[in-house]
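What follows is a short report on a single structure.
The values are calculated or read from the model by the stated rules, or taken from the named source; none is laboratory data. These numbers come from a predicted model, not from an experiment. Here the Cβ positions follow ideal geometry from the backbone for every residue, glycine too, while neighbour counts run over all protein chains shown.
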Ligand SMILES: NC(=O)c1ccc[n+]([C@@H]2O[C@H](COP(=O)([O-])OP(=O)(O)OC[C@H]3O[C@@H](n4cnc5c(N)ncnc54)[C@H](OP(=O)(O)O)[C@@H]3O)[C@@H](O)[C@H]2O)c1
């Protein structure tokens with residue numbers, strides 16, 4: 001790229017200087033001279049908001065830049081506001097204040113965008129600027145831009161992904177025989193997992209990211225997306241063992257898919273975040289550790305696949321920096337996917353029943369397998385024996401919708417059978433005949 005003659009100074013207000021924010025500060029410092037030379041933009045940190053001003057920092061600031069005063073931060077004369085705090089407040093207040101002033105807003109915050117992204121983008125449009133949130137989904141993997149810009153003429157049929165690196169890291173350790181608490185502790189030791197990893201393991205974090213992608217791809221309001229969310233707790237170890245017994249590997253998969261149910265109703269979108277047993281050699285099964293992977297089906301012979309570091313300070317800050325550059329050097333206003341124009345965003349999915357059918361792998365307490373099988377038979381669902389692991393017997397159902405198996409699962413739960421459930425997508429189902437073989441699996445605790 002050639003050098004530019006004029007340099008424009010862009011004043012940046014940054015909220016949050018933790019794992020991600022501090023890496024953005026470092027990136028601005030290290031890459032600033034080259035950005036200035038190539039793009040003619042000099043980013044100048046006007047103010048950085050933190051909670052504890054006395055906390056030791058790994059990056060240095062000019063006097064007066066660091067503040068813990070939210071009002072002073074909001075009053076900052078800045079050309080762009082970046083938010084890397086997380087959660088709804090004060091992130092939402094910062095976003096609204098920035099956009100109301102006609103300043104672009106850049107964020108890494110999926111909770112904020114899943115809950116308020118629609119309103120924030122409307123506010124941004126009304127002020128002729130944009131809200132940028134590449135870093136909010138899959139960290140350093142540029143999926144937002146691919147869906148929002150590259151594939152913006154659609155149609156997108158399906159997006160599925162491993163969107164939570166912490167959960168995937170834990171599942172990878174479980175399939176190597178580690179205990180759940182040791183796997184979580186290791187994720188925390190390596191800095192992937194929060195002190196409370198519940199949002200990662202129960203699927204809420206992936207659900208927020210999926211809601212953002214479904215919004216961009218299909219125009220479904222994140223708030224009204226009908227989404228079935230089942231995380232890996234409390235049955236992660238059992239399910240992991242059951243997955244190996246069925247000849248596959250367990251992953252927490254986020255998926256949204258558009259169907260044309262009937263001409264009159266137009267398309268409906270089904271979405272889920274749930275454990276799926278995948279064929280061991282499939283790309284998602286081979287996605288190990290904290291990696292993220294997304295496959296986008298645009299109706300082409302193969303899906304577009306993106307994979308990479310879904311978290312971590314450096315990759316996430318790179319996504320923030322890319323957005324910061326786009327926000328301040330491009331005139332492009334909000335560029336939604338074509339689905340935005342085609343579909344109403346309100347109540348789109350509220351009456352929608354998920355009709356997707358799948359085979360299900362179901363573990364029940366050893367000794368109750370035959371009873372479970374006859375309950376499925378009573379509900380008209382064929383269920384074959386799939387093996388046993390210590391403490392559990394496993395069944396594989398014929399392909400049926402979730403709404404068909406859910407009542408049977410509830411009745412088994414009520415009778416103490418402790419059903420553990422994953423969708424099954426192994427190509428060759430490993431169905432066994434009676435008597436159930438005992439599959440030797442090391443069980444901790
Ligand atoms: N970490 C990742 O790998 C990753 C990946 C993708 C996206 N994200 C997203 O990036 C955002 C930041 O994550 P992070 O890991 O950098 O978090 P973090 O390390 O906990 O840092 C949070 C920062 O926000 C500041 N802060 C917290 N509450 C505040 C408040 N009420 N007022 C003012 N400042 C406040 C903290 O101040 P102190 O420094 O004084 O404590 C800290 O500087 C989140 O939305 C997260 O979901 C993170």
Seminar exercise, completed: For the range 160-205, the count of residues that are without any contact (Cβ under 8 Å) to a residue 40 or more places away in the chain and within 16 Å of the chain's Cα centre (by Cα) equals 9
For this session: Considering each of 195, 131 in turn, give the residue that is surrounded by fewer than 19 Cβ atoms within 10 Å (Cβ to Cβ) and modelled with pLDDT under 95.
Result: 195
For this session: Within the range 299-319, identify whether any single residue is free of Cβ contacts under 8 Å to residues at least 40 places away in the same chain, surrounded by fewer than 23 Cβ atoms within 10 Å (Cβ to Cβ), closer than 29 Å to residue 23 by Cα and under 18 Å from the mean Cα position of the chain (by Cα), and answer yes or no.
Result: yes
Exercise. Out of all the residues in the range 114-142, which are under 21 Å from residue 23 (Cα atoms) and in a loop (DSSP other than H, G, I, E, B)?
Worked result: 133, 137, 138, 139, 140, 141, 142
For this session: Would you be able to say whether some residue in the range 305-317 is at pLDDT below 95, in a strand (DSSP E or B) and either closer than 23 Å to residue 200 by Cα or within 16 Å of the ligand (Cβ to nearest atom) (or both)?
Result: yes
Exercise. Would it be correct to say that residue 99 is more than 13 Å from the ligand (Cβ to nearest atom), touching a helix residue (DSSP H, G or I) at 6+ places or on another chain (Cβ under 7 Å) and outside any loop (DSSP other than H, G, I, E, B)?
Worked result: yes
Problem set entry | Restricting the range 102-120 to residues that are over 25 Å from residue 42 (Cβ atoms) and surrounded by 24 or more Cβ atoms within 10 Å (Cβ to Cβ), the residue that is nearest to the ligand (Cβ to nearest atom) | 109
For this session: Find the residue count for the range 4-55, including only residues that are under 21 Å from residue 318 (Cβ atoms) and more than 16 Å from the ligand (Cβ to nearest atom).
Result: 17
Problem set entry | Condition met for residue 58 (in contact with a strand residue (DSSP E or B) (Cβ under 6 Å, 6 or more places away or on another chain) and within 16 Å of the ligand (Cβ to nearest atom)) | no
For this session: May I ask you to list pairs of residues, at least six apart or on different chains, whose Cβ atoms are under 6 Å apart, with the first in the range 83-101 being over 22 Å from residue 126 (Cβ atoms) and the second being near the ligand (Cβ under 8 Å from one of its atoms) and not in a helix (DSSP H, G or I)?
Result: 84/16; 84/108; 85/15; 85/16; 86/109
Exercise. What number of residues within the range 143-200 are assigned to a loop (DSSP other than H, G, I, E, B), under 16 Å from residue 309 (Cα atoms) and in contact with a strand residue (DSSP E or B) (Cβ under 7 Å, 6 or more places away or on another chain)?
Worked result: 2
Exercise. Of the residues that make up the range 157-165, is at least one surrounded by fewer than 19 Cβ atoms within 10 Å (Cβ to Cβ) and modelled with pLDDT under 95?
Worked result: yes
Exercise. Could we say that residue 219 is buried (at least 20 other Cβ atoms within 10 Å of the Cβ) and modelled with pLDDT under 90 here?
Worked result: yes
Problem set entry | Unique match (being within 13 Å of the ligand (Cβ to nearest atom), assigned to a helix (DSSP H, G or I), crowded, with 20+ Cβ neighbours inside 10 Å and at pLDDT 95 or above) among 85, 94 | 94
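Conditions tested, residue by residue: (1) in contact (Cβ under 8 Å) with a residue 40 or more places away in the chain; (2) surrounded by 11 or more Cβ atoms within 10 Å (Cβ to Cβ).
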position: 19; (1), (2): yes, yes
position: 24; (1), (2): yes, yes
position: 29; (1), (2): no, yes
position: 32; (1), (2): no, yes
position: 39; (1), (2): yes, yes
position: 46; (1), (2): no, yes
position: 51; (1), (2): no, yes
position: 60; (1), (2): no, no
Seminar exercise, completed: Given (1) away from the ligand (no atom under 14 Å from the Cβ); (2) closer than 30 Å to residue 225 by Cβ, residue 63 misses just (2)
